[in-house]
1. Suppose every Lys and Arg Cβ carries +1 and every Asp and Glu Cβ carries -1, with no other charges. What dipole size does the stretch 56-165 come out with about its Cα centre, to the nearest 20 debye?
2. Residue-wise, which Karplus ³J(HN,Hα) couplings in Hz belong to the stretch 240-251, taking 6.51 cos²θ - 1.76 cosθ + 1.60, θ = phi - 60°, and x for glycine or proline?
3. On a full-extension model of 0.36 nm per residue, what is the gain between L91 and L182, subtracting their alpha-carbon distance, rounded to one decimal in nm?
4. Using a probe radius of 1.4 Å on heavy atoms only, what accessible surface per residue do you get for the chain? Whole Å² is fine.
5. Under a crude label model (7 Å from the Cα following the beta-carbon direction), how far is K99 from I46 in nanometres?
6. Rounded to whole Å and sorted largest first, what semi-axes of the equivalent ellipsoid does the C-alpha gyration tensor of the stretch 2-113 yield via the square root of 5 times each eigenvalue?
7. Along Cα→Cβ, 7 Å out, is where each label goes; now give me the distance between the ones at E55 and D174 in nm to one decimal.
8. Once label points are set 7 Å from the Cα along Cα→Cβ at both E14 and V80, what is their separation, rounded to one decimal in nm?
Amino acid sequence: MSYCSIRGAVTVEENSRESIFENTRILLKDIIKSNDLDLESIISIIFTATRDIDEAYPAVVAREMGIVHAGLVCMQEMYVKNSLEMCIRVLVNVETDKKQKDMKHTYLKGAVKLRPDLVRRDFVSVAIDGPAGSGKSTAAKEVAKTLGYIYVDTGAMYRAVAFYCIENGIDTGDDFAVENSLDKIDIKLKYENNEQKIYLNDTDVSSDIRTQTVAKGASNVAANEKVRKVLVNLQKKIAENNNIVMDGRDIGTCVLPNASVKIYMDADVCERAKRRCGELELKGIEFDFDKIKQEIAERDENDKNRKISPLRKADDAVFFDSTNKSIEEVKNEIVCIVKKAI
Ligand code: DC
């Protein structure tokens, strides 16, 4: 047995308890997973944070994750002019039979700039594509939670663009008008309490984008080449420095052509309409089953037949039929596929 140290750092989106905890959790999970650490082998963790972070102690997360025996200490990082802001670093000290040179360090988000030499290129990406209601978002969320990866819902980004247009009286089918508004649209994904939130120009629109009107508008703006270019670039960037599960329509074919695992998920259209009606019922919203089914079929048509990046299964994707399967079954099967592949 010897003693080794593992380095890691991550930037936080904002000085809030949620953001500090969420990012520390992602960082620690990645260090534990990539070094195959037993929690008992962790002797101590030194956390440092830049002086602009003071809403919570990151060490709280280590305790929550079950690191109960290790000594933990949080300190303020020495301030150096022009240094990276909003950054949390860790030095994880472990007892192991491996050598220091074999330790894998983790630098995530803005912190990759700190040690480009230590940035790992072996991040895992799981691409899940499929039509509306196939269950891919629920599955992707659950798989990400189980594996400790970041979940990226790309549909939410197209919905946010559509929402902006609708709110500002722009016809989502008018390519020229939509393209002209792109430079007024800033989209950010944030992670709060283990959940993805989508911010449009610094406002949380996560719930506002879940209407049928926005869904229809999203299908329109998703057919626009310039919109896709902007959003695909954003999506690729997120995948560069994180283990992720990303769902959408073109993830395996266009956004992450080299994804570690690709899944194409589908389900019978009646089953998909039933799922959608179930969601509406839960929210207390009235619905007409036939109308919902028709809307889903129309959206499929739109997504599959558009000229740019139409919805289709990548040649190397695993086809997955979620009809008659529970969320738990779908999650377990996908986690198995991912574990076999990596
Ligand atoms: O999955 P969703 O219903 O939230 O997606 C909204 C719309 O965005 C849908 O019509 C398909 C489109 N979309 C896309 O074209 N490419 C993606 N990667 C994700 C969604």
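1. Details: 16 positive and 11 negative charges, 47 e Å.
Dipole about the Cα centre, nearest 20: 220 debye.
2. 4, 10, 8, 6, 9, 10, 10, 10, x, 10, 10, 5
3. Details: separation 91, 0.36 × 91 = 32.76 nm, distance 4.11 nm.
This chain segment gains 28.6 nm when fully extended.
4. Values: 16970 Å² over 342 residues.
In whole numbers, the chain has 50 Å² accessible per residue.
5. Output for this residue pair reads 2.4 nm.
6. Numbers: eigenvalues 104, 45, 29 Å².
Output for the stretch 2-113: semi-axes of 23, 15, 12 Å.
7. So the label points at E55 and D174 sit 3.8 nm apart.
8. 3.0 nm
The values are calculated or read from the model by the stated rules, or taken from the named source; none is laboratory data. This one's a predicted model, so the numbers in the text were calculated from it and none came from an experiment. Counting neighbours? That spans all protein chains shown, and the Cβs are built from the backbone with ideal geometry, glycine included. When the accessible area is computed, the model is the full protein with side chains, heavy atoms only, and any ligands, DNA or RNA have been set aside. Shrake-Rupley method; radii C 1.70, N 1.55, O 1.52, S 1.80 Å.
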